[in-house]
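Notes to accompany the following structure.
What follows is calculated from the coordinates using simple rules that are stated; it is not laboratory data. This is a predicted model, so every value here is computed, not measured. Here the Cβ positions follow ideal geometry from the backbone for every residue, glycine too, while neighbour counts run over all protein chains shown.
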Amino acid sequence: ISLRDVAAFSQLMAETYPGRLDADAGVFLARIQQGAAQMQSLLADAVDYWATVTGDSLSSRTDMEAALCQALLCADKQITERNAAVTHDPLPAVTGDFEILTKVLHHLIRNAIEYCDASSPRIHISARRTDPDWVVSIQDNGPGIEPELQHRIFEVFKRLHGNEYPGNGLGLAFCKKAIERHGGRMWVESTHGAGSTFYFSLPAAG
């Protein structure tokens, strides 16, 4: 039986027997659904991470405006549920893979929303030219990261908040490896209690 089957059958039970399960059974069923969803997410992120680590360098042209539009579509439900505002300046064309860079933007936007305790997360994306690269920045109004912990957030399975927030510890590790595969680098600047800004550099297109 697959994880998809576990998730589907547990959902079917919840829909078929509403109000007919006792309190304990309802809690157990909810935990099964949550666990299956978390494991599916972990496996998907692990596949992405491994493919990024073992892949070749990339040299196609990607419009970061288009990649951001796709990333926002992927994050639409989360943006709506949290009443988040995502704004951006004009973004450039870079050298890189459209699908991978879309996933990088999606991870960074998702993280900024998930880790923000404010009632309305605010995220702003911009870019500046530093020959021969573009540097893209994602600024949020989250809780910030203490200086001594900033290097840890890009390590595989390293999570600063345990189970306090959702996630599996692979998102930022994937982002960093993906950018490095493109010949760029990723880093963060943050003030504890005053938000964070994630940066990554990519070669300019052409």
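Relative to the current alpha-carbon distance between ASP117 and PHE28, full extension at 0.36 nm per residue lengthens the span by 29.2 nm.
Peptides 128-134, 90-96, ordered by how many other C-beta atoms sit within 10 Å of their residues on average, highest first, read 90-96, 128-134.
Values of log10 I(q)/I(0) for the range 65-164 across q = 0.13, 0.17 Å⁻¹ run -0.51, -0.87, by the Debye formula with one identical scatterer at each alpha carbon and no solvent.
Full extension of the chain between GLU99 and ALA194 gives 31.1 nm of extra length, using 0.36 nm per residue less the Cα-Cα distance.
The protection proxy used here, the mean number of other Cβ atoms lying within 10 Å of each residue, ranks peptides 115-124, 79-88 as follows, highest first: 115-124, 79-88. Using just the C-alpha positions of the range 56-112 as equal point scatterers, what log10 of I(q)/I(0) does the Debye formula give at each q in 0.17, 0.25, 0.26, 0.30 1/Å? So the normalised log intensities are -0.54, -0.99, -1.05, -1.25.
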